[in-house]
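Here's the structure, in structure tokens; my notes come after.
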Amino acid sequence: MTTSHLVFHHFGLAIRRPVEARKLLGILGYTEGAPVFDPVQNVNLQLCTHATHPTVEIIWPGNPGGPVDKLVQRHQSGIIYHLCYETDNLAAALAELESAGLLPICISPPAPAPLFDGRPVSFYNVPGIGLIEILE
């Protein structure tokens, strides 16, 4: 089964500090976007793009107590912790996942994302898969 409503967008890499990730991505030929602070998620974000490699979103803690704090404490070298897909129809995309027997559980409902010029993003835990972000 394939879906026309979900297109891969990026990997989300949670890290303690962006320095090492920027170095590696720079060596690989990635272009760094401007860092952005997302007050709703309490994280710093930076999108890094490449002509032929997948896009990588670098995510590091904002103020103490943010959602990635515990994650980066457990995985001090960093971890790819979400996949992001873009959609033109969130309801249809979620319905297609459900019809395939995947049961997305909403972790964070759609909210404007500063990194994506205010476009809504939402997060879902998909049992057996992990965390996915959906960018509308």
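Taking region 54-110, which residues are on the phi > 0 side of the Ramachandran plot and buried (at least 18 other Cβ atoms within 10 Å of the Cβ)? Listed by number, the list holds a single entry, Gly78. Being at pLDDT below 95, out of contact with any Leu (no Cβ under 9 Å at 6 or more places or on another chain) and farther than 18 Å from Arg16 by Cβ is a property that does not hold for Ala91. Looking across region 1-18, the residues that are of a type in the set (Ser, Thr, Tyr) and either buried (at least 19 other Cβ atoms within 10 Å of the Cβ) or without any contact (Cβ under 8 Å) to a residue 12 or more places away in the chain (or both) come down to Thr2, Ser4. A search for C-beta distances below 7 Å between a residue of region 116-134 that is in a helix (DSSP H, G or I) and any residue that is surrounded by 12 or more Cβ atoms within 10 Å (Cβ to Cβ), counting only pairs 6+ apart in sequence or on different chains, returns Phe116/Leu135.
Scanning region 44-61 for residues that are farther than 17 Å from Leu83 by Cβ, touching a residue at least 12 places away in the same chain (Cβ under 8 Å) and of a type outside the set (Phe, Trp, Tyr) yields a count of 4.
For region 64-93, the set of residues classified as touching a strand residue (DSSP E or B) at 6+ places or on another chain (Cβ under 8 Å) and assigned to a helix (DSSP H, G or I) consists of Asp69, Leu71, Val72, Leu90, Ala93, listed by residue number. For the residues Ala21, Ala34, Ala51, the requirement of being touching a Gly at 6+ places or on another chain (Cβ under 8 Å), farther than 17 Å from Leu135 by Cβ and surrounded by fewer than 18 Cβ atoms within 10 Å (Cβ to Cβ) singles out Ala51. Of the residues making up region 15-28, those that are closer than 14 Å to Thr55 by Cα and of a type in the set (A, V, I, L, M) number 4. The number of residues in region 54-63 being in a loop (DSSP other than H, G, I, E, B) and modelled with pLDDT of 95 or more comes to 2. In the condition set (1) without any contact (Cβ under 8 Å) to a residue 60 or more places away in the chain; (2) under 22 Å from Glu136 (Cα atoms), Leu97 is compliant with all but (1).
The values are calculated or read from the model by the stated rules, or taken from the named source; none is laboratory data. None of these values were measured; they are calculated from a predicted model. Don't worry about glycine lacking a Cβ; one is built from the backbone with ideal geometry, like all the others, and counts go over all protein chains shown.
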